[in-house]
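Peer 1: Shown below is the structure under consideration.
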């Protein structure tokens, strides 16, 4: 279902993210239960999480809006596809955007940067995140398409 139609149907029962994420994956429309990671310029938790079974979930990563390093590249995105993730929303950057655009994976991010991130494992998994004033809780449903992002409050 398109996010515009879903919003028309459910209105203020959904939170809408106004921050302008780019649609960068090969799957333009995706939805599923939310999983979360909070990290800053360190993608070790992103890699390990997307390397585990996704069961149709959408990983929301709060990278603090940093475009200084990429939090996901093509190899991690390929792992997400192989493990059954529906998509990834990154409040930050990705890399390998041409390769990622060919994958059957929904990807929304602020932009791209070829620079690799740290890999120390710093961050938190499955915690509530607030991005652009919208709260993302693990287990809530998220819907994404080229128009934007909606989530259950």
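A short reminder: the numbers here are calculations on the coordinates, not readings from a lab. Because the structure is a prediction, the values reported are computed rather than measured. Counting neighbours? That spans all protein chains shown, and the Cβs are built from the backbone with ideal geometry, glycine included.
Peer 1: List the strands (runs of 3 or more DSSP E) inside segment 1-89, counting only whole elements, that have at least 3 residues being surrounded by fewer than 16 Cβ atoms within 10 Å (Cβ to Cβ) and without any contact (Cβ under 8 Å) to a residue 40 or more places away in the chain.
Peer 2: Details: elements: 15-17, 30-38, 58-62.
Answer list for segment 1-89: none.
Peer 1: Being in a strand (DSSP E or B) and either in contact (Cβ under 8 Å) with a residue 40 or more places away in the chain or surrounded by 13 or more Cβ atoms within 10 Å (Cβ to Cβ) (or both): is that true of residue 93 here? Show your work before the answer.
Peer 2: Working: in a strand (DSSP E or B): yes; either in contact (Cβ under 8 Å) with a residue 40 or more places away in the chain or surrounded by 13 or more Cβ atoms within 10 Å (Cβ to Cβ) (or both): yes.
Taking the combined requirement at face value, the residue satisfies it.
Peer 1: Next question. Could you list, in sequence order, all residues of segment 57-75 that are within 13 Å of the chain's Cα centre (by Cα) and farther than 19 Å from residue 22 by Cα?
Peer 2: 57
Peer 1: Do you know which of the residues in segment 129-141 that are touching a strand residue (DSSP E or B) at 6+ places or on another chain (Cβ under 6 Å) and closer than 15 Å to residue 91 by Cα is surrounded by the fewest Cβ atoms within 10 Å (Cβ to Cβ)?
Peer 2: Across segment 129-141, the extreme among qualifying residues is 132.
Peer 1: For residues that are assigned to a loop (DSSP other than H, G, I, E, B) and in contact with a strand residue (DSSP E or B) (Cβ under 8 Å, 6 or more places away or on another chain), tally how many sit in segment 102-128.
Peer 2: Keep residues of segment 102-128 that are assigned to a loop (DSSP other than H, G, I, E, B), which gives 102-105, 113-117, 119-123, 126-128.
Restricting the remaining residues to those that are in contact with a strand residue (DSSP E or B) (Cβ under 8 Å, 6 or more places away or on another chain) gives 105, 113-117, 119-123, 126-128.
Count: 14.
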